[in-house]
Amino acid sequence: MNDRFLRAFGLGCALSALAATTAGAATNTSTTRFSADTAGAQTLVRNPDGAVSTAVGSVKASALGVASGASSTTVARAAVDRYASMLGLGSGAQLHQVASRADADGTTVAYDQVAGDVPVYDGRVLVRVAKGGTAIKSITSSIAQTAPTSAGTATISAPDAQNAATAGIEGAAINAAPKLVVYTGVPFGAKPATLAYVTDVRSTTRALRQLVVTDAKTGAVIDRLDRLEAAKNRTVYDMNGGTSTGSFARGEGDPATGDADVDGAYNGTGATYDYYAHSFGRDSYDDNGAALLSFVHYGVGYENAFWDGAEMVYGDGFAVLDVTAHELTHAVTERTAGLEYADQSGALNEALSDMAGWDVDPGDSTMGEDLPIGAIRDMSNPGAYGQPATASQYVCTSSDNGGVHTNSGIPNKVYANLVSSLGRATAAQVRYRAQTTYLTPQSGFADARAAFVSAAGDVGANATTVANAWQSQGVTSTWAPSC
C-alpha cells in the first residue's frame, strides 16, 4: 500500500464567523421558548450535561423575527441565536457558517464551532430550513461547552506535530496533514481544552489508522483516536505474508482473473458503487468520483478487513460482497456524518456500514456469511452472535472503543424493523438521508432516532412507523445509557 492523496469532503465556502447571542437567557428559558414556538410539537434529545443535542419541531420564520422572503441562512442564524442556550451555546460561543446545502425539500445550513479563528474538534451545528425559508424543521447541535473563546497561538509547527504523530508507527503514511483545532476530547469534556494539531495517520505495514492529537504548545501527544474501521473486531499481527506493498492485479474493465479475492474485491466495490449511484445519486464514497482502491491477500492468517482512510484491505477470503459494502460505507460515513468511532456514535458508525452491507447483499439477514469463518452478525437477530438487540441490554465497556461492534446490534435491529415495515428501498432512503443530513460526529442513539424520524418526512416515509422501529428496541426520544 502506498500513500495516496484523498480529496477532503468540502463543505463550501467559508463565511464570516458569528457569535451566538443568548442575552443571558437560561437554558430552561430557551427550551420553554422552543416549546412555545413549536406549539408543543417537538422532540428534544439532551446530553448528560443538560444541553440539547437534537431539537425537532417546526418553527415559522416569523416566530424567529425574520421577515418574509428572507434567505435560508438568515432564518438559520435567527434560530441559532434564539435557542443558543438550549443548545449549550454560551454567550461566548462562536459558530462559523461553512455550508448552505439546498435540496428538493429545503436547505441544511452547517456551522462549525470555533474559538477565535480555530475550529473546535467535532463542534458542529446543523439547522434544517424548510423549502422557501418559511420555517426551521430541526437543529442538531454537537458543541464542546468547555471550549474557550480564544484559542491562543501554537508554538510548534505543523511539520513538528506530524513528526510527533508518526513517531513509533511502523510504515507511517499521512492521510491528512496536521490540522489546528481546539480539542476537548471524545466525548466532549473528556480532556482539558487544548490547542492541538490533529493528524490522520495510517501504517503501510500493519492494520493501523489513528487520529493523533498533539499539543500545539508542548508537542506532546495527548490522545490517539482509533480510526481503523474493521468488519470484525479482532486484532491479528502477522507481518510475514506481505503487508506493505501490492502488485497490480486487475484494473477497470479487465476480465476476471480467477483469483477469488481479486475478483471479489473488484466485483464488490463495483456493486457497492452502483448501489450508491443508483439509490442515492452518489458518485463514489466522496461523491466526487474517488478511485476505489483495494488490497487483497493481506498478511497470513489475517481474518479481517478494514478501511484505512485511503483504501480497502482484506485478509484471505474476506473480499466478499457484504464486507466490501460495509468497508466502503465507512468511507461514506467519514465524509458525511463523520461519526466518531467510539461508544454510541461508533456503534452507529458500525451499524450504518452493516445496513448498507445488507442492502447490497440482501439474500439473508446475516453479515459475512460467505467468510471462511462464517457469519459474524445477524441484522434480524443480533443475539445470535452475542449482540444486544434492545437499549436495556446496552453494554457499557471500555474495550472495542466502547463496544462499537457489540452495541451496533441495537440500531441493526432497528433497521431490520424498518426493512420489514417500510420495505428495503424506503428504509434505505431514510437511513441515507439521516446519515447525510441530520447526524453529527457525536450523535447517540436518541439523536439517530430523531434523525431517522426527520428523514422519514423528507423522503415520504411514515414518521410514526420509523419512530416505532426505534421504540420497539427501547430507544425512546430521550434514552441514554447508564454509563
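The values are calculated or read from the model by the stated rules, or taken from the named source; none is laboratory data. The structure presented is a predicted model; accordingly, all values stated were derived computationally and were not measured. Positions of Cβ are generated from backbone atoms using ideal geometry, with glycine treated the same way; all protein chains shown enter the neighbour counts.
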Note on the stretch 407-443: residues surrounded by fewer than 24 Cβ atoms within 10 Å (Cβ to Cβ) and assigned to a loop (DSSP other than H, G, I, E, B) are GLY423, PRO441
VAL125 vs. criteria within 24 Å of the chain's Cα centre (by Cα), in a strand (DSSP E or B) and of a type in the set (Val, Ile, Thr): yes
With criteria (1) more than 22 Å from the chain's Cα centre (by Cα); (2) crowded, with 17+ Cβ neighbours inside 10 Å; (3) of a type outside the set (Val, Ile, Thr), GLN113 comes up short on (1)
If ARG77 passes every condition in (1) assigned to a strand (DSSP E or B); (2) under 24 Å from GLY116 (Cβ atoms); (3) at pLDDT 90 or above but one, which one does it miss? (1)
Filter the stretch 168-177 down to residues that are touching a residue at least 12 places away in the same chain (Cβ under 8 Å) and more than 10 Å from VAL201 (Cβ to Cβ), then give me how many there are. 3
Return the pairs, sorted by first residue and then second, in which the second residue is part of a strand (DSSP E or B) and of a type in the set (Phe, Trp, Tyr), the first residue lies in the stretch 210-230 and is buried (at least 18 other Cβ atoms within 10 Å of the Cβ), the beta carbons are less than 6 Å apart, and the residues are 6+ apart or on different chains. VAL213/TYR183; THR214/TYR197; ALA216/TYR197; LEU228/PHE306; GLU229/TRP307; ALA230/PHE306
Does GLY189 fit the bill of being modelled with pLDDT under 95, closer than 18 Å to ILE143 by Cα and not in a strand (DSSP E or B)? yes
Determine whether ALA151 is outside the structural domain of GLY69 (by TED's automatic domain parsing) and either assigned to a strand (DSSP E or B) or more than 25 Å from THR32 (Cβ to Cβ) (or both). yes
Would you please name the residue that is nearest to CYS396 (Cα to Cα), looking only at residues in the stretch 450-474 that are crowded, with 24+ Cβ neighbours inside 10 Å and in contact (Cβ under 8 Å) with a residue 40 or more places away in the chain? GLN473
Taking the conditions exactly as written (over 15 Å from LEU228 (Cβ atoms), in contact (Cβ under 8 Å) with a residue 24 or more places away in the chain and of a type outside the set (Lys, Arg)), does ASP274 satisfy them or not? no
Could you tell me which numbered condition PHE306 fails, if it satisfies all but one of (1) in a helix (DSSP H, G or I); (2) crowded, with 23+ Cβ neighbours inside 10 Å? (1)
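Table: residues versus (1) at pLDDT below 95; (2) under 28 Å from VAL186 (Cα atoms); (3) hydrophobic (A, V, I, L, M, F, W, C); (4) touching a Pro at 6+ places or on another chain (Cβ under 9 Å).
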site: PRO362; (1), (2), (3), (4): no, no, no, no
site: GLY368; (1), (2), (3), (4): no, no, no, no
site: ARG377; (1), (2), (3), (4): no, yes, no, no
site: GLN387; (1), (2), (3), (4): no, yes, no, no
site: CYS396; (1), (2), (3), (4): no, yes, yes, yes
site: GLY402; (1), (2), (3), (4): no, yes, no, no
site: GLY409; (1), (2), (3), (4): no, yes, no, yes
Filtering the stretch 92-115 down to residues that are outside any strand (DSSP E or B) and within 23 Å of PRO187 (Cβ to Cβ), which residue is modelled with the lowest pLDDT? GLY92
Scan of the stretch 285-319 for residues that are touching a Phe, Trp or Tyr at 6+ places or on another chain (Cβ under 6 Å) and small (Gly, Ala, Ser), ordered by number: ALA305, GLY315
Anything in the stretch 67-86 that is surrounded by 24 or more Cβ atoms within 10 Å (Cβ to Cβ) and more than 15 Å from LYS137 (Cα to Cα)? List them, or say none. ALA84, SER85, MET86
Somewhere in the stretch 375-391, is a residue over 25 Å from VAL323 (Cβ atoms), outside any loop (DSSP other than H, G, I, E, B) and in contact (Cβ under 8 Å) with a residue 12 or more places away in the chain? yes
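Which members of the stretch 145-180 meet the condition of being of a type in the set (S, T, N, Q), more than 24 Å from the chain's Cα centre (by Cα) and more than 17 Å from ALA310 (Cβ to Cβ)?
If the condition is that a residue be of a type in the set (S, T, N, Q), more than 24 Å from the chain's Cα centre (by Cα) and more than 17 Å from ALA310 (Cβ to Cβ), then THR149, SER150, THR153, THR155, SER157, ASN163 are the ones that fit.
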Any hit, the stretch 429-443, residues being basic (Lys, Arg) and under 24 Å from SER141 (Cα atoms): yes
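Yes/no matrix, rows are residues, columns are (1) of a type in the set (Val, Ile, Thr); (2) closer than 17 Å to ALA319 by Cα; (3) in contact with a helix residue (DSSP H, G or I) (Cβ under 6 Å, 6 or more places away or on another chain):
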{"position": "ASP343", "(1), (2), (3)": "no, no, yes"}
{"position": "ALA347", "(1), (2), (3)": "no, no, no"}
{"position": "TRP358", "(1), (2), (3)": "no, yes, no"}
{"position": "PRO362", "(1), (2), (3)": "no, yes, no"}
{"position": "GLY374", "(1), (2), (3)": "no, yes, no"}
{"position": "SER380", "(1), (2), (3)": "no, no, yes"}
Hey, any hits in the stretch 274-284 for a residue that's assigned to a loop (DSSP other than H, G, I, E, B) and not assigned by TED's automatic domain parsing to the domain that holds ALA427? no
Qualifying residues in the stretch 259-303 (those that are surrounded by fewer than 17 Cβ atoms within 10 Å (Cβ to Cβ) and polar (S, T, N, Q)) - the one modelled with the highest pLDDT: SER279
Going by what's in this entry, would LEU439 be described as under 30 Å from TYR121 (Cβ atoms) and in contact with an Asp or Glu (Cβ under 8 Å, 6 or more places away or on another chain)? yes
